[in-house]
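The values are calculated or read from the model by the stated rules, or taken from the named source; none is laboratory data. Bear in mind the structure is a predicted one, so any value in this text is a computation, not a measurement. So basically every Cβ, Gly included, is an ideal-geometry build from the backbone, and we count neighbours across all protein chains shown. For the accessible areas, the whole protein counts, side chains as well, though only heavy atoms, and no ligand, DNA or RNA atoms are used. Shrake-Rupley method; radii C 1.70, N 1.55, O 1.52, S 1.80 Å.
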Amino acid sequence: QVQLVESGGGLVQPGGSLRLSCAASGSIFNINTMGWYRQAPGKQRELVATADVFGNTNYADSVKGRFTISRDNAKTTAYLQMNSLKPEDTAVYYCNLDILGRITWGQGTQVTVSS
């Protein structure tokens with residue numbers, strides 16, 4: 001059983017920064033990908049960024065240059081550093097762990113960008 005615990009969401013003004021964390025526990029296979037997705041009200045869940053254990057990363061075009069995904073040395077925690085936040089970044093952010101196609105989701109953390 002794998003569990004994901006997210007933290008770091010909150011309210012921030014436009015142009016501000018937030019850092020999200022996602023800690024994975026349980027039976028985590030060495031080869032996996034962790035990622036962040038988000039869902040705004042009335043919209044579908046969308047990819048934000050992913051990072052595998054080999055250091056490969058992938059970003060949505062809308063966040064390139066502003067967001068950075070990283071993982072700790074043990075590869076059990078993923079971070080999302082979000083800079084230059086915009087109101088359109090407002091959403092519930094979900095952590096995702098993909099172990100050879102077996103997907104686990106976190107409970108989500110709210111990020112609100114507003115003045």
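Once the Cβ-Cβ distance between Asp52 and Glu88 is put in as r, and R0 is 30 Å, what FRET efficiency do you end up with, to the nearest 0.05?
The pair Asp52/Glu88 has a calculated efficiency of 0.65.
Quick check: residue separation of Phe29 and Asn73 times 0.36 nm, minus the Cα distance between them. What number comes out in nm?
Gain on extension, Phe29 to Asn73, equals 14.4 nm.
Suppose each label sits 7 Å from its Cα in the direction of the beta carbon; what would the Ser17-Ala60 distance come out to in nanometres?
2.1 nm
How many percent of the accessible area of the chain is carbon or sulfur, using a 1.4 Å probe?
On the chain, the fraction of accessible area on carbon and sulfur atoms equals 47 percent.
Under the classification rounded if a/c is under 1.5, otherwise prolate if a/b is larger than b/c and oblate if not, where does the stretch 20-71 fall, given a ≥ b ≥ c as square roots of the Cα gyration tensor eigenvalues?
oblate
Check each of the trypsin sites (Lys or Arg not before Pro) in the stretch 42-91 and keep only those in coil by DSSP with at most 11 other C-beta atoms within 10 angstrom; list them in order.
Lys43, Lys64
Can you give me the C-alpha center-to-center distance between the stretch 89-115 and the stretch 32-51, rounded to a whole angstrom?
Going from one Cα centre to the other spans 6 Å.
Only bridges with both residues in the chain count here: give the DSSP antiparallel percent, nearest 5.
95 percent
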